[in-house]
Amino acid sequence: MLRRIGIACLMLAATAGQVQAAMISLSSVKDGRNGNGGWSASNDYSRGVGSVGFRSFDLSAITGTIISAKLLLPGPNRGSSGVTVQLWDVSTAVTYLGTNAGPGTGNISLDLRTGTSFGAFVYDANDVNEVNLDSAAVSNLNASIGGHWSVGIYTPDPYGIAGGSFGYGNNGGFLELATAEPVPEPASLAVWSMIGGIGFMARRRRKRS
């Protein structure tokens, strides 16, 4: 009996402090653009400073810590395959994105293409563009848990490869998150207490016999 208790204790010791991992997929809740040439909450066309796209995601239901993230942007069979697309952090509230309200579309456009870089990718207009977000983006995502997170989508050379534009229309996007949470300690402590009580009772029975 005591040997079994010892084995159970070792199993608990091995699991205590480990994390539970989960994969979460989110659809964008707002897609659009801001620029010196106008704004839209239904057209994600991105071409130079005149039009910078964005995607916004709702992180209000996320718990734990985000350990990695992937951004998926469908190619709409429009735009220019081969153009380099930059990703940037966004500080503008999601309410104002795709509008001329708040800071105004010119300032929002500047926010969408400057600040902290989240990397870049080469756009494929005929496929889903999968981008593994860097550590700066993951840190920014963790800071945004409980609210909204947005990313700026900028093509800095609009007159490069075949016109150099990204997207056209409301094409949406997805965010795949890997999260981790510690195994709840109170449950482990309760089991430890139960095992301790069983061990005590087993020792008393052995003494009586």
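Side notes on the structure shown:
- Residues of the range 1-47 classified as assigned to a helix (DSSP H, G or I) and at pLDDT 80 or above, total: 0
- Criterion applied to ASN129, ASN140, ASN107 was being touching a residue at least 24 places away in the same chain (Cβ under 8 Å) and either surrounded by fewer than 18 Cβ atoms within 10 Å (Cβ to Cβ) or farther than 25 Å from ALA180 by Cβ (or both), and the one residue passing it is ASN129.
- Test: residue in the range 54-70 that is within 20 Å of GLU130 (Cα to Cα) and at pLDDT below 80: no
- Failed condition for ARG55, given (1) part of a helix (DSSP H, G or I); (2) open to solvent by less than 10 Å² (accessible area, probe 1.4 Å): (1)
- A single member of THR63, THR114, THR92, THR84 is surrounded by fewer than 17 Cβ atoms within 10 Å (Cβ to Cβ) and either within 15 Å of TRP149 (Cα to Cα) or of a type in the set (Lys, Arg) (or both), and it is THR63.
- Residues in the range 66-81 that are open to solvent by less than 10 Å² (accessible area, probe 1.4 Å) and assigned to a loop (DSSP other than H, G, I, E, B): SER80 alone.
The values are calculated or read from the model by the stated rules, or taken from the named source; none is laboratory data. Please read all numbers here as calculations on a predicted model, not as lab measurements. As a convention, Cβ positions derive from the backbone with ideal geometry for all residues, glycine included, and neighbour counts pool all protein chains shown. We work out accessible area using only protein heavy atoms, side chains counted, and drop any ligands, DNA or RNA first. Shrake-Rupley method; radii C 1.70, N 1.55, O 1.52, S 1.80 Å.
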